[in-house]
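Trainee: The structure's right below; bear with me while I get my questions together.
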Amino acid sequence: MRTRTEKDSLGTRSIPADVYYGIQTDRAIENFPISGLKAHPRFIQAFEILKKACALANMDSKVLDRKRGQAIVRACDESLRGRFEDQFVVDVYQMGAGTSFNMNFNEVLANRANELLGGKKGTYQPVHPNDHVNMGQSTNDVFPTAMRLAAAFLLRDHLHPELDSLADSFFRKGRQFDNVLKSARTHLQDAVPIRLGQEFKAYGETVRAAQAFLKVAQNSLLALGIGGSAAGTGLNTARNYQKHVLKRIKHLTGLQVKPSRDLREAMQSQRPIAEVSAALRNLALEITRIANDLRLLSSGPNTGFAEIDLPSVAPGSSIMPGKINPSILEMTNMVCFQVIGCDTTIALAVQAGQLELNVMMPVMAFNLFFALHIFGNALKQLRLKCVDGLTANRQKCLKYSYSSLGLATILNAYIGYAKAAEVAKEALRSGKSIIDIIREKRILSEKKLKAILQPKKLTEPGIPGK
C-alpha cells in the first residue's frame, strides 16, 4: 500500500496515500476502535455547512484570502454532494468534546482544497487544516453548533413530518369509528360506555400535544455559540465573524438561527440538547402507552378483547400455525424504550460539564441523532403498517358496551348510587346484563331506556334521558 508521511506535534506517521484524512484522524482510528459506529449523515451535513459558512464568514471579514477560502468552499460543496462520505471515519466514542471528529473534517477539507489548488495531499500547503479550515474556530464551539444544526435538520425533515402524519391517521380513525359504541375500562375493569372514535381522537390529540412540547424545546437549538472559539470569549475571531457566520448558516439551511445571549453559557451548558431529549422521552412515553392500548384492544382473537383488528404483517409463531402477533406495535415499544434509554445517557452527559466546557458532547450527539432517526422510522411504520389499516370489530364492541357493569352508572340519576350498585351486583351474580335487570325490575320504561341507549347520549356530557 502506498503511503505518505505526515507530521503533527506528537511526531510523524505513515498515512495511506489515497485517503483525504490525515495524521490526527489516523491517531483517532488507532486510539478509538470502540463501536465501529460512525457519525450520523445529518451530523456530517451540519459540519459541511458549518465549515462552508465559516470559510465564507472569514472571507467576508477579510481575514481569509479568497484563493484559499474559495478552495475550502469548493471542497465543502463536493463533500455536501457525498464525495467524502467514506472519509469521516472517527468512531462516535472518541476524544472528549469531539476534537478528533473536527480534525477529521479539517484534514479532509484541507487536503481536497490543496488538490484543487494544484497541491498534494498531506503537505497542507497552501491550505492548512488548523490555520485555514479551522480559522476562528475551536472544536468547543464548532461541535455543539453542528450538533444543534443536525438535531434541527432531523426534527424538521424526519421526525415532525412523521408525527404530523401519525396524528392525522389517528384523527381519521377517530372519525371512521365515531359511531362505534364500546365499554371504556378503568383499572382494566368495566367502565361507562365510550365510542371507539373518541379513544382514537384522544390518541391523535396526545401526539399533537407531545409534538407541541417538542417544538417549544427545540427552539433553544437555534441559539448558537459559534464564534465563542475555545472558552466562549471569542479569542482569535475576526470582527463581525459571528454575525457573518450566522447570516451564512441561515441562508444555507433555512433555519432561523440567532446568536446565543452569552457565549460562555453556550459553551458551558448543553441544556438545549437535554431539553430536546427530554421532550423526545415524553413523546416516547406516550407513544408506547398508545401502542400498549392497541395491543390490548387487538388481543385475541378468541380469548382477548378483540375490539380492533390489526393488519397482518407476518406469521407470528414458528410453532403455532395461523398465529398473528401485533408485531409493529411490539417494535414500536422497543424503539420507545431505546429512546428513553438514549435520554438517560444524554442526561448524564449534560450534567457532566465542567467549568467552560462539556467534553461529553460526542455521546450526546450519537444518542440524540440515533433516537431521532429510529423514532421517525418507527412512527412511519406504525402508521403505514398498523394504524392506517386497522379496523373495528363493531359487533364485539357493541356486545361489550351492553354487557359492561359500567352501564349501571346511568341509574345514578334515577335511583341513586347505592341502589344502582345493587343492580350491578345482581347482574354480576346472575350473569344477566344491566339492561336485562333494568327491564325485569321495571326501573326505567322502554321509552326512557330507548332514549338513554344512544351512543351520543351515553358518551357526551349530560345525564342520559334527561
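The values are calculated or read from the model by the stated rules, or taken from the named source; none is laboratory data. It should be emphasised that the depicted structure is a prediction, and the values quoted were computed from it without experimental measurement. As a convention, Cβ positions derive from the backbone with ideal geometry for all residues, glycine included, and neighbour counts pool all protein chains shown.
Trainee: Would you be able to tell me the number of residues in segment 430-444 that are among the hydroxyl-bearing types (Ser, Thr, Tyr) and either free of Cβ contacts under 8 Å to residues at least 24 places away in the same chain or in contact with a Gly (Cβ under 6 Å, 6 or more places away or on another chain) (or both)?
Mentor: Counting residues in segment 430-444 that are among the hydroxyl-bearing types (Ser, Thr, Tyr) and either free of Cβ contacts under 8 Å to residues at least 24 places away in the same chain or in contact with a Gly (Cβ under 6 Å, 6 or more places away or on another chain) (or both) gives 1.
Trainee: Can you spot a residue in segment 29-42 that is assigned to a helix (DSSP H, G or I) and either closer than 25 Å to Ala371 by Cβ or aromatic (Phe, Trp, Tyr) (or both)?
Mentor: Within segment 29-42, one or more residues are assigned to a helix (DSSP H, G or I) and either closer than 25 Å to Ala371 by Cβ or aromatic (Phe, Trp, Tyr) (or both).
Trainee: Within segment 242-261, restricting attention to residues that are outside any helix (DSSP H, G or I) and not aliphatic (A, V, I, L, M), which residue is surrounded by the most Cβ atoms within 10 Å (Cβ to Cβ)?
Mentor: Ser260
Trainee: What do you reckon, is Ala352 at pLDDT 95 or above and not in a helix (DSSP H, G or I)?
Mentor: So Ala352 passes the test.
Trainee: Which one is surrounded by the fewest Cβ atoms within 10 Å (Cβ to Cβ) among residues in segment 159-186 that are farther than 20 Å from Lys385 by Cβ and among the hydroxyl-bearing types (Ser, Thr, Tyr)?
Mentor: If we take residues in segment 159-186 being farther than 20 Å from Lys385 by Cβ and among the hydroxyl-bearing types (Ser, Thr, Tyr), then Thr186 is surrounded by the fewest Cβ atoms within 10 Å (Cβ to Cβ).
Trainee: Could I ask something else about it? Can you find, within segment 124-145, the residue that is farthest from Asn58 (Cα to Cα) among those that are without any contact (Cβ under 8 Å) to a residue 40 or more places away in the chain and not in a loop (DSSP other than H, G, I, E, B)?
Mentor: Among them, the one singled out is Asn130.
Trainee: Also, I was wondering about something else. Quick one: how many residues across segment 395-428 are in a helix (DSSP H, G or I), in contact with an Asp or Glu (Cβ under 9 Å, 6 or more places away or on another chain) and closer than 30 Å to Ala167 by Cβ?
Mentor: Matching residues across segment 395-428 total 4.
Trainee: Okay, next question. Filter segment 187-221 down to the residues that are among the aromatic types (Phe, Trp, Tyr) and crowded, with 20+ Cβ neighbours inside 10 Å, then identify the one that is nearest to Gln176 (Cα to Cα).
Mentor: Looking at the filtered set, the residue picked out is Phe200.
Condition check ((1) without any contact (Cβ under 8 Å) to a residue 40 or more places away in the chain; (2) part of a helix (DSSP H, G or I); (3) of a type in the set (Gly, Ala, Ser); (4) more than 17 Å from Phe369 (Cα to Cα)) across all residues:
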site: Ala57; (1), (2), (3), (4): no, yes, yes, yes
site: Val63; (1), (2), (3), (4): no, no, no, yes
site: Arg83; (1), (2), (3), (4): yes, no, no, yes
site: Thr99; (1), (2), (3), (4): no, yes, no, yes
site: Asn104; (1), (2), (3), (4): no, yes, no, yes
site: Asn114; (1), (2), (3), (4): no, yes, no, yes
site: Gly122; (1), (2), (3), (4): no, no, yes, yes
site: Met147; (1), (2), (3), (4): no, yes, no, no
site: Ala150; (1), (2), (3), (4): no, yes, yes, no
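Trainee: Among the residues of segment 429-441, is any touching a strand residue (DSSP E or B) at 6+ places or on another chain (Cβ under 9 Å), in a helix (DSSP H, G or I) and modelled with pLDDT under 95?
Mentor: Taking every residue of segment 429-441 in turn, none turns out to be touching a strand residue (DSSP E or B) at 6+ places or on another chain (Cβ under 9 Å), in a helix (DSSP H, G or I) and modelled with pLDDT under 95.
Trainee: Go through segment 8-41 and give me each residue that's surrounded by fewer than 20 Cβ atoms within 10 Å (Cβ to Cβ), among the charged types (D, E, K, R) and either in the same structural domain as Met103 (by TED's automatic domain parsing) or modelled with pLDDT of 95 or more (or both).
Mentor: Arg13, Asp18, Arg27, Glu30, Lys38
Trainee: OK, next. Output the residues belonging to segment 446-466 that are surrounded by 12 or more Cβ atoms within 10 Å (Cβ to Cβ) and either out of contact with any Pro (no Cβ under 6 Å at 6 or more places or on another chain) or in a helix (DSSP H, G or I) (or both).
Mentor: Once the filter is applied, which keeps residues that are surrounded by 12 or more Cβ atoms within 10 Å (Cβ to Cβ) and either out of contact with any Pro (no Cβ under 6 Å at 6 or more places or on another chain) or in a helix (DSSP H, G or I) (or both), segment 446-466 yields Lys448, Leu449, Ala451, Ile452, Leu453, Gln454, Pro455, Lys456, Lys457, Leu458, Pro464, Gly465.
Trainee: Quickly run through segment 163-187 and pick out the residues that are without any contact (Cβ under 8 Å) to a residue 40 or more places away in the chain and over 30 Å from Ile374 (Cα atoms).
Mentor: Of everything in segment 163-187, those that are without any contact (Cβ under 8 Å) to a residue 40 or more places away in the chain and over 30 Å from Ile374 (Cα atoms) turn out to be Asp178, Arg185, Thr186, His187.
Trainee: Given the options Asn333, Asn292, name the one that is within 21 Å of the chain's Cα centre (by Cα) and under 29 Å from Leu37 (Cα atoms).
Mentor: The conditions single out Asn333.
Trainee: How many of the residues in segment 366-402 are under 30 Å from Arg439 (Cβ atoms) and free of Cβ contacts under 8 Å to residues at least 60 places away in the same chain?
Mentor: Number satisfying all stated conditions: 3.
Trainee: So, one more: Given the criterion polar (S, T, N, Q) and within 40 Å of the chain's Cα centre (by Cα), identify the matching residue among Ser404, Ser445.
Mentor: Ser404
Trainee: Being part of a helix (DSSP H, G or I), more than 19 Å from the chain's Cα centre (by Cα) and among the basic types (Lys, Arg) is true for just one of Arg208, Arg185, Arg175, Arg239. Which residue is that?
Mentor: Testing whether each residue is part of a helix (DSSP H, G or I), more than 19 Å from the chain's Cα centre (by Cα) and among the basic types (Lys, Arg) leaves just Arg175.
Trainee: Still on this structure, please answer the following. Considering only segment 41-48, I want to know if a residue exists there that is in contact with a Ser or Thr (Cβ under 8 Å, 6 or more places away or on another chain), without any contact (Cβ under 8 Å) to a residue 60 or more places away in the chain and among the charged types (D, E, K, R).
Mentor: Within segment 41-48, one or more residues are in contact with a Ser or Thr (Cβ under 8 Å, 6 or more places away or on another chain), without any contact (Cβ under 8 Å) to a residue 60 or more places away in the chain and among the charged types (D, E, K, R).
Trainee: I'd like the full set of residues that are within 35 Å of the chain's Cα centre (by Cα) and either assigned to a loop (DSSP other than H, G, I, E, B) or touching a residue at least 24 places away in the same chain (Cβ under 8 Å) (or both), limited to segment 1-26.
Mentor: Val19, Tyr20, Tyr21, Gly22, Gln24, Thr25 - these are the residues of segment 1-26 that are within 35 Å of the chain's Cα centre (by Cα) and either assigned to a loop (DSSP other than H, G, I, E, B) or touching a residue at least 24 places away in the same chain (Cβ under 8 Å) (or both).
Trainee: Restricting to segment 317-336, name every residue that is out of contact with any helix residue (DSSP H, G or I) (no Cβ under 7 Å at 6 or more places or on another chain) and either among the small types (Gly, Ala, Ser) or in a helix (DSSP H, G or I) (or both).
Mentor: Ser317, Ser318, Gly322, Ser327, Glu330, Met334
Residue by residue, here is whether (1) at pLDDT 95 or above; (2) closer than 30 Å to Ala53 by Cβ; (3) crowded, with 19+ Cβ neighbours inside 10 Å holds:
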residue: Gly225; (1), (2), (3): yes, yes, yes
residue: Arg239; (1), (2), (3): no, yes, no
residue: Leu263; (1), (2), (3): yes, yes, yes
residue: Ile273; (1), (2), (3): yes, yes, yes
residue: Leu283; (1), (2), (3): yes, no, yes
residue: Pro321; (1), (2), (3): no, no, no
